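Worksheet for the structure shown next.
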């Protein structure tokens, strides 16, 4: 099989994001494709395992403000067989690429952006959060009509994207499933923990509730 050329565009988040840098890209590069990684300039990037394209912080800022439209001509002229957009803010440029080019465009939806807009952006008035949530629905709908496929991180998000045909959707989990581990493999006699927290540790996502629970258990 002829190896493909795939570009991962990751404008928001750390360059070493586990979902992309340690999972998706290595798996594709091992058997199927040559991977190029487009991220913000970062002095901590050392010995990247993939072809690397770095852009300035200012250009990343404009990508967020314009929906990635400032990178349209670069992506349009690039010689990649497929482009994976790793951030929802890039959907506008992806929609244009889907219309005006023959490139295969994929969207990796790693979280429930609709409800994140409603419940996480608490610094905005409630009415504005509902507008943002509605905007997510609209832009994902338009992407479903122009993209090659969606990649979702769990079954719930997969069900949200009813407008994308099933044959063009897949699930790539953020973390290993419990079903992949057999309980006899876990030695509970010499455990070093009482419970595990999965997710980001911030006030917004409940770290204070975790601390209260620890205090009660203690």
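The values are calculated or read from the model by the stated rules, or taken from the named source; none is laboratory data. Predicted model only: the values in this text are computed from it and were never measured. Neighbour counts run over all protein chains shown; Cβ positions are idealised from the backbone, glycine included.
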Residues that are in contact with a helix residue (DSSP H, G or I) (Cβ under 8 Å, 6 or more places away or on another chain), outside any loop (DSSP other than H, G, I, E, B) and more than 27 Å from residue 3 (Cα to Cα), drawn from the range 65-117: 66, 69, 70, 88, 89, 92, 113, 114, 115, 117
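Yes/no per residue for (1) under 19 Å from the mean Cα position of the chain (by Cα); (2) more than 26 Å from residue 176 (Cα to Cα):
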{"residue": "3", "(1), (2)": "no, yes"}
{"residue": "12", "(1), (2)": "yes, no"}
{"residue": "15", "(1), (2)": "yes, no"}
{"residue": "32", "(1), (2)": "no, no"}
{"residue": "39", "(1), (2)": "yes, no"}
{"residue": "54", "(1), (2)": "yes, yes"}
Looking at the range 43-67, I want the residues that are on the phi < 0 side of the Ramachandran plot and free of Cβ contacts under 8 Å to residues at least 12 places away in the same chain and have a partner that is assigned to a helix (DSSP H, G or I) and surrounded by 15 or more Cβ atoms within 10 Å (Cβ to Cβ) with Cβ atoms under 6 Å, at least 6 apart or on another chain. Which pairs are those? 62/70
Which of the residues spanning the range 68-86 are free of Cβ contacts under 8 Å to residues at least 60 places away in the same chain and surrounded by 19 or more Cβ atoms within 10 Å (Cβ to Cβ)? 68
With the checklist (1) outside any helix (DSSP H, G or I); (2) modelled with pLDDT of 90 or more in hand, flag the one item residue 199 doesn't pass. (2)
For the range 149-175, the count of residues that are more than 16 Å from the chain's Cα centre (by Cα) and surrounded by fewer than 16 Cβ atoms within 10 Å (Cβ to Cβ) equals 7
Checking residue 89 against (1) out of contact with any strand residue (DSSP E or B) (no Cβ under 8 Å at 6 or more places or on another chain); (2) without any contact (Cβ under 8 Å) to a residue 60 or more places away in the chain; (3) surrounded by 13 or more Cβ atoms within 10 Å (Cβ to Cβ), only one condition comes out false. Which one? (2)
Take the range 7-35 and flag every residue that is touching a strand residue (DSSP E or B) at 6+ places or on another chain (Cβ under 7 Å) and part of a helix (DSSP H, G or I). 20, 25, 28, 29
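Residue-by-condition table, conditions (1) touching a strand residue (DSSP E or B) at 6+ places or on another chain (Cβ under 6 Å); (2) more than 21 Å from residue 93 (Cβ to Cβ); (3) modelled with pLDDT of 80 or more:
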| residue | (1), (2), (3) |
| --- | --- |
| 160 | no, yes, yes |
| 164 | yes, no, yes |
| 174 | no, yes, yes |
| 187 | no, yes, no |
| 208 | no, yes, yes |
